[in-house]
1. Taking only DSSP H segments of four or more residues, each worth -39500 (n - 2.57), what value at 222 nm results for the chain once the sum is divided by all its residues, to the nearest 500 deg cm²/dmol?
2. Got a number for carbon plus sulfur as a percent of the range 36-78's accessible area, 1.4 Å probe?
3. GluC sites (Glu not before Pro) within the range 1-100: which are DSSP loop residues with at most 11 other Cβ atoms inside 10 Å?
4. Kindly express, to the nearest 10 degrees and within the range 0 to 90, the angle between helix 124-145's C-alpha long axis and the longest C-alpha principal axis of the chain.
5. Give me the base-10 log of I(q)/I(0) for the range 1-133 at each q in 0.15, 0.16, 0.17, 0.19 Å⁻¹, Debye formula, one uniform scatterer per Cα, rounded to two decimals.
6. Along the range 56-61, what does the Karplus equation 6.51 cos²θ - 1.76 cosθ + 1.60 (θ = phi - 60°) give for ³J(HN,Hα), rounded to whole Hz, x for Gly and Pro?
7. The range 54-90 to the range 99-137: how many Å between their Cα centroids?
8. Could you state the angle between the C-alpha long axis of helix 109-118 and the longest principal axis of the C-alpha atoms of the chain, as a value from 0 to 90 degrees rounded to the nearest 10?
Amino acid sequence: MISAQNIMSVWSTAELEAIGIYEVTIDNSNLKDEKYYINGQESFTFADGVVTKSFGTATAKELDDVLWAEGDADMPEGVSVGDVKIKGIRDGHKATINAQAGSLLQATDWYVIREADGGTAVPANISTWRASVRSKANEMCTAIDGVADVDALAALYTYTNTGTEEAPVYTRPLGEFPQLGE
């Protein structure tokens, strides 16, 4: 007996199409990374026996906060001029970097507390590493502040092979946090 669950694998393409079931081809040419873009609406077309799912044009998300301006037609009642209208993604990326740095530092916070409470010095390698994590976080946030648009922000996170095919080394413009012991 054929169930609805296995009909797609048991029936031939011709049998499925005879009852109006077609395989959907997906056209992702307009689909962009949802971290940086609002993708256009999905649509389906049927031509020459092929169903194609495609997406409308993607719109870049706002890089920085957009504020309500005097006379904005869509300003809701009770909202003041200068209140945030759309939250930009730049600040979120910087908050993520700072949270990652904080998380890395948390494992060695006890050294700092021990020094403050009892006077036992933080080992030099720990102090140096903690300073390098804070420095790298600042460097990353500065790079994020320096981008002019969403594509440039996305490019900071894009890994490329800076080595060879035989010995690949993948890096990104934003860089990586230092590891303890490096």
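1. On the way: 6 runs with 66 residues, N = 182.
Counting only the DSSP helices, I get -11000 deg cm²/dmol.
2. Details: 1520 of 2920 Å².
On the range 36-78, the fraction of accessible area on carbon and sulfur atoms equals 52 percent.
3. Details: sites: E15, E17, E23, E34, E42, E62, E70, E77; in loops: E23, E34, E62, E70, E77.
Here the GluC sites (Glu not before Pro) that fit, given the DSSP loop and packing criteria, are E23, E34, E70, E77.
4. Orientation of helix 124-145: about 50 degrees from the principal axis.
5. Scattering profile of the range 1-133, log10 relative to I(0): -0.91, -0.95, -1.00, -1.10.
6. Using θ = phi - 60°, the values come out as x, 4, 7, 10, 4, 5 Hz.
7. Their Cα centres are 39 Å away from one another.
8. 20 degrees
The values are calculated or read from the model by the stated rules, or taken from the named source; none is laboratory data. Given the structure is predicted, the values throughout are model-derived calculations rather than measurements. When we count neighbours, we look across all protein chains shown, and the Cβ atoms used for this are built from the backbone with ideal geometry, even at glycine. To get the accessible areas, we keep the full protein, side chains included, count just its heavy atoms, and leave off ligands, DNA and RNA. Shrake-Rupley method; radii C 1.70, N 1.55, O 1.52, S 1.80 Å.
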